[in-house]
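Encoded as structure tokens, the structure appears first; notes follow it.
The values are calculated or read from the model by the stated rules, or taken from the named source; none is laboratory data. Since the structure is predicted, the reported quantities are computational estimates derived from the model, not experimental observations. Glycine also receives a Cβ, built like all others from the backbone with ideal geometry; neighbour counts cover every protein chain displayed.
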Amino acid sequence: MKRVLVAPLDWGLGHATRCIPILRALQARGCTILLAGSGDSLQLLRQEFPSLFYAVLPAYQPRYPAKGASMVWAMARQLPKFLTVIRREHVALERLVREQSVDLVIADNRYGCWSASVPCIFITHQCNILMPRRFGWLASMVARMNRRSMKRFTRCWLPDYPGEASLAGKLAACGEHTPGGTHRYIGALSRLSPAMPRQKRYDLLCVFSGPEPQRTLLEQAVTAQVNRSVLRVLIVRGLPGGRTVAPLETRAEVVDFLASDALQEALEASRCVLARSGFSTVMDLAHVGGNAIFVPTPGQTEQEYLAARLMEKKIAYSTAQQDFDLEIAWQHVPLYTGFTPAAGAQDTWLHPAIDEALTL
């Protein structure tokens with residue numbers, strides 16, 4: 001049976017969580033699975049799949065700017081580091097392919113995880129990387145670099161749907177979705193299932209995630225307002241292990257991290273979710289259903305676009321981090337429809353893509 005290496009990016013937890021349904025599908029087909037990654041992303045998958053072989057890849061460890069700083073310039077300053085990581089992870093990947101007799105590589109946004117000797121699949125929802133308006137002159141250059149990098153892979157999987165059902169909108173619009181082409185829609189990926197009826201123990205479930213210091217800044221801003229509210233709140237700090245952080249001083253119930261089953265229960269027991277508008281979070285809520293308050297990471301154009309798009313479609317309320325007001329946000333929640341779960345989507349989209357990949 002095929003030996004498949006799965007390597008998610010360590011840029012927050014979303015790239016790892018959306019690999020979980022892929023890993024489950026590979027296990028169901030009897031594949032031998034190898035994990036490769038770094039940081040909290042790898043730690044999360046090790047907790048979900050403790051029996052799998054794993055290897056550590058070079059870490060990107062992006063650092064987001066604090067208040068008032070430009071996200072573009074912060075990323076530009078780190079670009080030499082990122083390019084070095086891409087080169088190092090490619091060398092590490094080729095070594096793993098040889099030493100572990102890998103037959104297939106599935107890389108979630110790790111641009112260096114391609115091999116000249118085996119088929120490699122690249123997962124991304126950003127064929128089109130959005131630039132802030134004042135940096136629009138860079139858009140064509142960034143697009144060319146992105147396309148060139150993706151062409152090193154045998155296939156590109158888009159965790160989204162075509163047409164009106166799209167969750168990513170223009171982020172996934174790269175114009176190459178043709179039958180028999182290299183790009184293929186695989187549907188929204190989520191480790192979660194449509195919500196089952198459950199007594200609501202919490203009014204609000206706060207899920208914090210993403211690189212520092214913005215994860216902590218949002219946690220601090222929200223916690224301060226939670227302490228002044230009467231809402232029943234559960235806070236999930238998004239810390240799967242390996243880091244020492246100060247405990248939160250709050251009236252809310254707090255956990256550092258929840259594995260898939262526990263998070264599913266917490267979502268079903270909550271009236272509303274407060275979270276970043278990362279695409280993996282959007283996919284999770286599209287599977288589970290329910291109401292949301294989104295607070296995009298400041299300066300992260302992808303999250304700002306997704307939050308604005310979902311707000312325009314009257315699905316979920318969103319607010320800028322610097323303007324966050326829990327009382328106002330809570331008043332707006334009933335004015336939005338929330339997410340409606342799409343049952344059976346992975347059977348329709350993901351499983352045929354995996355079956356095809358295993359024949360490459």
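Would it be correct to say that residue 107 is under 22 Å from residue 302 (Cα atoms), in the same structural domain as residue 157 (by TED's automatic domain parsing), modelled with pLDDT of 95 or more and buried (at least 21 other Cβ atoms within 10 Å of the Cβ)?
Taking the combined requirement at face value, the residue satisfies it.
Can you tell me which residues in the stretch 78-104 are assigned to a helix (DSSP H, G or I), at pLDDT 95 or above and not β-branched (Val, Ile, Thr)?
87, 88, 89, 90, 92, 93, 94, 95, 96, 98, 99
Select from the stretch 291-302 the residues that are outside any loop (DSSP other than H, G, I, E, B) and modelled with pLDDT of 95 or more and list them in ascending order.
Across the stretch 291-302, the qualifying residues are 291, 292, 293, 294.
Out of the stretch 110-127, which residues are within 26 Å of residue 277 (Cα to Cα) and touching a Cys at 6+ places or on another chain (Cβ under 6 Å)?
Passing the criteria: 122, 127.
In the stretch 166-185, is there at least one residue being part of a helix (DSSP H, G or I), on the phi > 0 side of the Ramachandran plot and either in the same structural domain as residue 319 (by TED's automatic domain parsing) or not hydrophobic (A, V, I, L, M, F, W, C) (or both)?
Yes; the residues of the stretch 166-185 include at least one that is part of a helix (DSSP H, G or I), on the phi > 0 side of the Ramachandran plot and either in the same structural domain as residue 319 (by TED's automatic domain parsing) or not hydrophobic (A, V, I, L, M, F, W, C) (or both).
Among the candidates 282, 245, 273, 233, single out the residue that is among the hydrophobic types (A, V, I, L, M, F, W, C), assigned by TED's automatic domain parsing to the domain that holds residue 319 and under 19 Å from residue 43 (Cβ atoms).
None of the others qualify; the one that does is 245.
Please work out which residue is surrounded by the fewest Cβ atoms within 10 Å (Cβ to Cβ), limiting yourself to the stretch 256-287 and to residues that are among the β-branched types (Val, Ile, Thr) and closer than 22 Å to residue 108 by Cα.
Step by step, filter the stretch 256-287, then rank; the result is 281.
Restricting attention to strands (runs of 3 or more DSSP E) lying wholly within the stretch 211-284, give those where 3 or more residues are closer than 22 Å to residue 334 by Cα and hydrophobic (A, V, I, L, M, F, W, C).
Those strands (runs of 3 or more DSSP E) span 233-236, 270-275.
Report, ordered by the first and then the second residue, all pairs with beta carbons closer than 7 Å, sequence separation of six or more or different chains, a first member in the stretch 237-251 that is of a type in the set (S, T, N, Q), and a second member that is part of a loop (DSSP other than H, G, I, E, B) and at pLDDT 85 or above.
Matching pairs, first to second residue: 250/227.
For residue 350, indicate whether it is modelled with pLDDT under 95 and either basic (Lys, Arg) or over 18 Å from residue 205 (Cα atoms) (or both).
Considered against the rule, which asks whether it is modelled with pLDDT under 95 and either basic (Lys, Arg) or over 18 Å from residue 205 (Cα atoms) (or both), residue 350 comes out as yes.
Keeping to the stretch 90-123, report how many residues are free of Cβ contacts under 8 Å to residues at least 40 places away in the same chain and touching a Gly at 6+ places or on another chain (Cβ under 7 Å).
So the count comes out to 1.
Looking only at the stretch 2-46, which residues are part of a loop (DSSP other than H, G, I, E, B) and at positive phi?
12, 30
In the stretch 309-354, what residues are within 28 Å of residue 182 (Cα to Cα), out of contact with any strand residue (DSSP E or B) (no Cβ under 7 Å at 6 or more places or on another chain), in contact (Cβ under 8 Å) with a residue 40 or more places away in the chain and assigned to a helix (DSSP H, G or I)?
Passing the criteria: 309, 345, 346, 348, 350, 351, 354.
In the stretch 227-248, how many residues are among the β-branched types (Val, Ile, Thr) and buried (at least 20 other Cβ atoms within 10 Å of the Cβ)?
3
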